[in-house]
C-alpha cells in the first residue's frame, strides 16, 4: 500500500460524503435514506474496501469482472456488490456468480446472456439499464429514444429483473453541466413506469464530482470512488 493511501482516512471520507448526501437530499425534499452510497473500489486494495465497510459502507462497485473475482473473496460478503463497468457477454457467467446487481445492461442480447447464467445457478439477477443521456460516443448505453424499446425487450427475459436505470453524466469541472442529463434520466424513468409497467426503483447517477447535483435531480444510487478512497494511483 502506498504512503498516500495510508494517509487517507476512509472513515472520515465516508462521513463527509454522507453529510453531503444528506444536504443534497434535503434540498430536494427527500430523505437521505432514499440514497444508496456505492463505494467504487476500482484498483482499491481489499483491506481498504474492508475499512470502508467497517465505516458503514453497505454497497461496493467494481468496473471489471476479473478484479471483483479476485477481491470479493478477500473482502467477504458483508456488502452488496454492483457491477458498474461494461459487461461482455462472455463474462456473464462470472458476473452472475460475483455480483448482486449489474447496473450496465445496454442490450437485449446481454440481458439474455445474464439471464441464462442466472437460471443455471437458480437466481434472478437485478439489473439496471444503461442510458447514454449525454450522447457522447465514448459512453456505453442506449440513447434515451430507444429506452422504451429496450425495457420492453428485456422485462420478460427469464433470469433477470429490471429495477431501474443508470447513466454516466458528462465530465465537466462544473457539475451543473450534467444536471440536464440527470434530469432527463429521472423524467425518462417516470415515463417508462407509465408506458411499460416496470417499476424504476433505482436511478443510478452521480459520481464523486457531481453526485450532489444528481441527488437533487432524483438519484437514488451514487457511485463514489475518489471521494471515499482518495485519488487512485497514476
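The values are calculated or read from the model by the stated rules, or taken from the named source; none is laboratory data. In this text, all values refer to a predicted model and were calculated from it rather than measured experimentally. Here the Cβ positions follow ideal geometry from the backbone for every residue, glycine too, while neighbour counts run over all protein chains shown.
Here are a few things to note about the model shown:
- Failed condition for residue 153, given (1) crowded, with 19+ Cβ neighbours inside 10 Å; (2) more than 20 Å from residue 20 (Cα to Cα); (3) over 14 Å from the mean Cα position of the chain (by Cα): (1)
- Subset of the range 65-84 [in contact with a strand residue (DSSP E or B) (Cβ under 9 Å, 6 or more places away or on another chain) and free of Cβ contacts under 8 Å to residues at least 24 places away in the same chain]: 80, 81, 83
- Sole exception among (1) touching a helix residue (DSSP H, G or I) at 6+ places or on another chain (Cβ under 6 Å); (2) within 19 Å of residue 223 (Cα to Cα); (3) surrounded by 17 or more Cβ atoms within 10 Å (Cβ to Cβ) for residue 101, by number: (1)
- Taken over the range 129-150, the residue count meeting the criterion of being closer than 20 Å to residue 178 by Cα, surrounded by 15 or more Cβ atoms within 10 Å (Cβ to Cβ) and either in contact with a helix residue (DSSP H, G or I) (Cβ under 6 Å, 6 or more places away or on another chain) or modelled with pLDDT of 95 or more (or both) is 10.
- Residues that are buried (at least 20 other Cβ atoms within 10 Å of the Cβ) and not in a helix (DSSP H, G or I) within the range 60-84 comprise 60, 61, 62, 79, 81, 82, 83, 84, listed in sequence order.
- Selection status of residue 29, within 18 Å of residue 214 (Cβ to Cβ) and part of a loop (DSSP other than H, G, I, E, B): yes
- Members of the range 96-118 that are in a helix (DSSP H, G or I) and under 25 Å from residue 148 (Cα atoms): 96, 108, 109, 110, 111, 112, 113, 114, 115, 116, 117, 118
- Scanning the range 181-204 for residues that are in a loop (DSSP other than H, G, I, E, B) and buried (at least 22 other Cβ atoms within 10 Å of the Cβ) gives a single hit, 200.
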